[in-house]
Amino acid sequence: MINAFLLFFVIHTTQIGVGIHGFQRVIYQEAKHDAWISVLLIGIATHIIAIFMIKTLEIYGSNDLYGIHQDIFGKWFGNFLNFIYIVYCSTAFFSVLRNYIEVVQTWVFPNLETWFISATLLLLVIYAFTGGFRVIVGISFFSFVLAIWLLPMLVFPLQFTTARSLLPVMENDIMDILKGAQSMTFTIVGFEILNVIYPFIKDKNNVKRHVHYGLLATTIIYLSVILVSIAYFSPDQLNKSIWATLSLFSIVRFPFIERFEYIAVCFWMLIILPNLCLYLWAAYRGSIRLVKVNSTQFVWIFSIVVFMLSLSVETRTEINAVNNYFSKVGFYLIFVYPILLYLLAVMKKKYTTRKERKG
Amino acid sequence: MFKKRFNRSSKREKPSIDANENKKSESNQKENVFPSSSKDYLQTIKDHTNNPSDLVVKTISPNITVTYMNSLVDDRTLKEQLIPELIRHKFETPESLKSSLFIPEVDVDDQINHSVLSMYNGTVLIHLDGFSQVVLAKITTTVSRALAAPENESQVIGAQVGFNESLSSNESLIRRYIKNPELCNERFNVGKQTNTTVAFFYIKGIASEQMVNTLRQRISDLKIDSLLDSAVLAEYIDDNSLSPFPQMLLTERPDRFCDGLLNGKLGVIVDGSSMAILCPHAFIEFFQSREDQNLRWPIASFLRLLRFSAVFLSIYLTPLYVAALTFHYEIIPQSLLVPLSESRALVPFPPIIEALLLELIIELLREAGARLPTKVGQTIGIVGGIVIGTAAVQAGITSNILIIIVALSALASFTTPSYMMGNVIRVVRFPLILLAGFWGFYGIMLGFCFILIHLIRQSSLGSPYTAPFYPPRFMDWRDSIIRLPLPFTYKRQKSVRPQNEEKYQPEPINPEKS
Amino acid sequence: MKFIKVMFIFIFLLITIAGCAEQKLLEQVGLTTLLGYDLGENEKLSTTAVIRQVNPEFQSNVEIVSAENETARGSRAEINRKTSKKIMSGQMRVVLFGEELAEDGIAHHIDTLSKNSDTSGSIIVAVVEGETKSLLEYQFQEIDDIGTHIYKLLEQNIKNEQMISSSLHEVAHDYYSLGRDIAIPIIKRDKEHVEISGVALFDKGKMVGKLSTEESFYVKLSRDLYDSAMFEITIPKEALPESQTKNSPEKIPVVIDTINTKKQVKLINPQTPEFDMHITVNGRMLEIGANMDLDNPKNVKKLEEEIGKSIAKNLERVLVYCQDVNSDAFGLGEYYRSSVRHSNLTHEKWHELYSTAKVNIKVDFTILRSGIFE
């Protein structure tokens, strides 16, 4: 059991991961210099979805999404949905891992083998996961506290920005801006971990507040990064930068250190660690409802599978395909489905209470 | 994890052992009692003690026999008090003898085992012919050195007295600091062979009862052969004895020990060891010193920050050097690049070998200094440091920049107030150097994350090791890497789970007292 | 549990033995500090690299190697074959382009340089009058390391705002942006020195014009803003009251140290297009070639007005030249793009408009201080 207060860190750190390395480009392609509006919109959307999620969970008191599925849809169909959700979590895990490996290979170690990075990261995750829930939340806490100093580094590129690049506001079609917001899915998802973590929270009446704080922090960070990026890069430059955030870091210079992006890329390990641990944990919570498996068996089997998969996806195009596919499915699963689920849960509740009254 | 297994097995076995012992003791009750005649009594004693050369048997008057261990009893008390007393009076029963003796610890017992054992604690056995009971008069000599300043934890401002090897003098030190009937002191005998006395301290009403029970259980569950030092005991009762990080503090400062007790911690002192155990102890508290309380708060905060950054410096400086020179020459600014590459030009080894070599030399110097007598040790340090350092650079085995870095990180590691933790910090550096030498910053980050996860996983007597940072307790941050003025730190650390959280009722702060 | 721990250690050992990253030991690499590109024969690219090497014998020395090949990477491989150490570009500080190459187009090079994760965004880019090769290979008597020297020269001038900042990032920014063209410093050899001789103006990737160092001040004034640059202008004698200009030359030189500048550009007519450019300069007067009584506020006012006029005039002259060569170094296009909705601006479209653009320049100058002696 954890304090609701820690939800802030959990929500925030699962949202921020590898996506922030290069999300500017994807949105920019759709929304041009109004990309920051897209970020703002999707940020607001996360708040709305979080409200629905919390309402759904509140109906059930202390049950997680997997339990809710089983209750609403019955054993069979519910478990099918659970399975989809587990696959979703596993894909998220895999996607984060594979993208990070690629960043390390492109920026720092072009010749370091994929299997090596994959294996070492998985070992770290296994070590953290076997420590239990307390350790996982601890990692996300320390990840936030120890990595927040990276944000002020944005001051360095700020010297080279021209705020004029943001004008004129709202020049692009609202549909393009919305499309841009949708393409942000891959970067901003992660708060759905709330669905699984909810039963583990001690003071449930504080949940709302801290979830929203977490989401707000994420939105602010993404917003500041995109604003700086748009003002710092010229349009075509941004279109061509795969990892614009890292390019931003490359301008950071200290008297004792240059080429800051090398450090940033390696340091990012700490930022993706909570991502990996929490998605793994979410997948585990679902799996124990489907099959009888203990945590150690699960984490080893899971890791071996992911390890194999990470070797099979090699090129940039393949990785992009995985990201796009994940992003598309993620959008419906995270931004549409919770509203549906809420309506169903309310209906189910009304139905059962009426039945009880009759009975 | 080792601990867990250890506990589990002991729990499983415990009931059966108890049952056996009970049965045994019932059936042997007759055999265990002293014979009443003097002659048989003597024989029994000799049988049970294997008749050692320091066993003294004296017949004072025809019916009184005195036995004791020559090396353990206080000669003066024996000759000037006890013997004259025994000669002067005639005693009818052991009970009357007991009541007339003017010695603090006197008891009557008829159990052979227990009585013989107590002889080894400096008790004189007085046997009256015709009784199966003996009188146990404890007149122990205390073999102890005089109280001296603590050697490993020196501090500039504050008390200059340390624990010594005698339990009773240590106890008296603590009692003098805390004059409070709530200070509890429990005794255990640990070690099948050594029968070492272990004293367990806590303050009732402050220390968490659950923790007291856990620690009591852990100590009394110990089924070990011998116990010679408190450090060994600490490892046995640790939460995770496989971790290199100590989870209990070993201190030789009575003021620090008492400060811990007053904050709701539990203390253990082992007879014959000058180090006392204090637990639960969070990771960060290993870098705090008692002296911080004696200094003004901004200075204390500065020193704590200094010490804490020294830890990071000490662990990561050499690995960063290795990583930067092996893989990431890009990050070195040009003004630094020239001196770096020039100093490296003559060195025939890759940076990782160079760094390991130099770190090893420093460790050798430190170890040699620790093993040798103090005066020689200092000389070795200076000679070794200067001669080897200069010669190594001149011979072109290492670069002089690395010498600075290694010396700096060694220096930084010595700022840690706890010697045990300082050692860990020095040792942890080696795997990190290897990681840095193999995979540069990526390797360092792997090591960093691993250590972080490891620390989060640890606990000290069930309370989280990373407290007060995780789980976050902001109130406790006031006295963590910084120290706020005393009126702000009127609460006890929450991670200790004290029964009484407030040290005192805080008064409104009034900076200018009239 | 035990099995898993053994597995853990086993896997860890396996990894330790097997996977080791490629090392780039500092003393085993030759560090390219400067790279010069020239147009070679038969459309080939001639590359000259200044390589810093660390040798036990000489401590550190600089080697200048050149090669010709079709591509930059190819030349690099060729240079590698000519040196004893592996060439790395992670410490590169300056990229120079020969004048001919610059006129031919540097677009491809900017693209390649930005693509490479080895090269940092803070590399300084400059054009060399003549060939880079002859500049780099010249044996300067007082310069040991030509690479570092050129870097320090450019960096120092950019830092003191004497020259337009031309880091690779900014150059790439301008290259990829619609409404602003590249302007980078030109250097040349002057006997035994290397000096900054002017500013190269670009149209997209091609160098189209040159400005002198004095004129570069106005380009920078309209592109960026100043905090501390020193500049010299002249004002005609007639403009000032006669009583104040005894014994002074026809044109009175004034040296000014800017303290801060403000710039406002407004598009007032998108058709022509017509811009209003209003620049406010606050400065410190360092030197004046006339014996003026600056206690009199009237005189000061007059002087300020004249300085402002003079700046505006020069600015206009530079602008007209830029329009002539069709290089939007002033970044007017950016103002156009950001002011006109749905302009769907393209490079061609903007340059068509740019050649006919009209700019009304107004400069307000204020003397904040004039030293300790009046």
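Worth a mention:
- Only strands (runs of 3 or more DSSP E) whose full extent lies in region C:103-208 are considered here, and the ones with at least 3 residues that are open to solvent by less than 60 Å² (accessible area, probe 1.4 Å) and within 22 Å of residue C:44 (Cα to Cα) are C:124-128.
- Any chance residue B:294 is open to solvent by 10 Å² or more (accessible area, probe 1.4 Å) and touching a Gly at 6+ places or on another chain (Cβ under 8 Å): yes
- Candidates A:125, A:108, A:103: the one that is open to solvent by less than 10 Å² (accessible area, probe 1.4 Å), more than 8 Å from chain C (Cβ to nearest Cβ) and in contact with an Asp or Glu (Cβ under 9 Å, 6 or more places away or on another chain) is A:108.
- With respect to the conditions (1) in contact (Cβ under 8 Å) with a residue 60 or more places away in the chain; (2) of a type in the set (Asp, Glu); (3) open to solvent by 50 Å² or more (accessible area, probe 1.4 Å); (4) more than 14 Å from chain B (Cβ to nearest Cβ), residue C:99 lacks only one, and its number is (3).
- Within region C:353-373, tally of residues that are within 16 Å of residue C:275 (Cα to Cα), open to solvent by 30 Å² or more (accessible area, probe 1.4 Å) and touching a residue at least 60 places away in the same chain (Cβ under 8 Å): 5
- Some residue of region B:299-318 being surrounded by 15 or more Cβ atoms within 10 Å (Cβ to Cβ), within 14 Å of chain C (Cβ to nearest Cβ) and either of a type in the set (Ser, Thr, Tyr) or at negative phi (or both): no
- The set of residues in region C:302-352 being surrounded by 19 or more Cβ atoms within 10 Å (Cβ to Cβ), more than 14 Å from every other protein chain (Cβ to nearest Cβ) and not in a helix (DSSP H, G or I) consists of C:327, C:329.
- In region B:64-84, the qualifying residues are those that are open to solvent by 30 Å² or more (accessible area, probe 1.4 Å) and touching a Ser or Thr at 6+ places or on another chain (Cβ under 7 Å), and the one that is farthest from residue B:103 (Cα to Cα) is B:72.
- Among residues of region C:102-120 that are at negative phi and of a type in the set (A, V, I, L, M, F, W, C), none has a beta-carbon under 6 Å from a residue that is open to solvent by 40 Å² or more (accessible area, probe 1.4 Å) and not in a helix (DSSP H, G or I) at least six positions away or on a different chain.
- Given (1) within 14 Å of chain C (Cβ to nearest Cβ); (2) in contact with a Leu (Cβ under 7 Å, 6 or more places away or on another chain); (3) more than 19 Å from residue A:231 (Cα to Cα), index of the condition residue A:136 fails: (1)
- Flag for residue B:416 being outside any helix (DSSP H, G or I), open to solvent by less than 20 Å² (accessible area, probe 1.4 Å) and within 17 Å of residue B:244 (Cα to Cα): yes
- Scan of region B:245-264 for residues that are closer than 16 Å to residue B:207 by Cβ and open to solvent by less than 10 Å² (accessible area, probe 1.4 Å), ordered by number: B:248, B:249, B:257, B:258, B:260, B:261, B:264
- Taking helices (runs of 4 or more DSSP H) as the structural unit, those lying wholly within region A:191-288 and holding at least 3 residues that are more than 14 Å from chain C (Cβ to nearest Cβ) correspond to A:194-197, A:207-232.
- Considering the conditions (1) open to solvent by 70 Å² or more (accessible area, probe 1.4 Å); (2) closer than 30 Å to residue B:422 by Cα; (3) under 18 Å from the mean Cα position of the chain (by Cα); (4) assigned by TED's automatic domain parsing to the domain that holds residue B:254, residue B:177 is excluded by exactly one of them, (3).
- Any hit, region B:473-492, residues being of a type in the set (D, E, K, R), more than 12 Å from every other protein chain (Cβ to nearest Cβ) and in a helix (DSSP H, G or I): yes
- Selected residue (only one of B:342, B:330 is in a helix (DSSP H, G or I), facing chain C (nearest Cβ under 10 Å) and open to solvent by 20 Å² or more (accessible area, probe 1.4 Å)): B:342
- Output for region B:385-403, where each listed residue is free of Cβ contacts under 8 Å to residues at least 60 places away in the same chain, closer than 17 Å to residue B:345 by Cα and aliphatic (A, V, I, L, M): B:391, B:392, B:393, B:395, B:397, B:403
- Residue match in region A:23-34 (condition: under 26 Å from residue A:312 (Cβ atoms), open to solvent by 10 Å² or more (accessible area, probe 1.4 Å) and not hydroxyl-bearing (Ser, Thr, Tyr)): yes
The values are calculated or read from the model by the stated rules, or taken from the named source; none is laboratory data. Nothing here was measured: the structure is a model prediction, and the numbers come from that model. All Cβ positions, even for glycine, are placed from backbone atoms using ideal geometry, and neighbour counts span all protein chains on display. Side chains included, ligands, DNA and RNA excluded: accessible areas come from the protein's heavy atoms. Shrake-Rupley method; radii C 1.70, N 1.55, O 1.52, S 1.80 Å.
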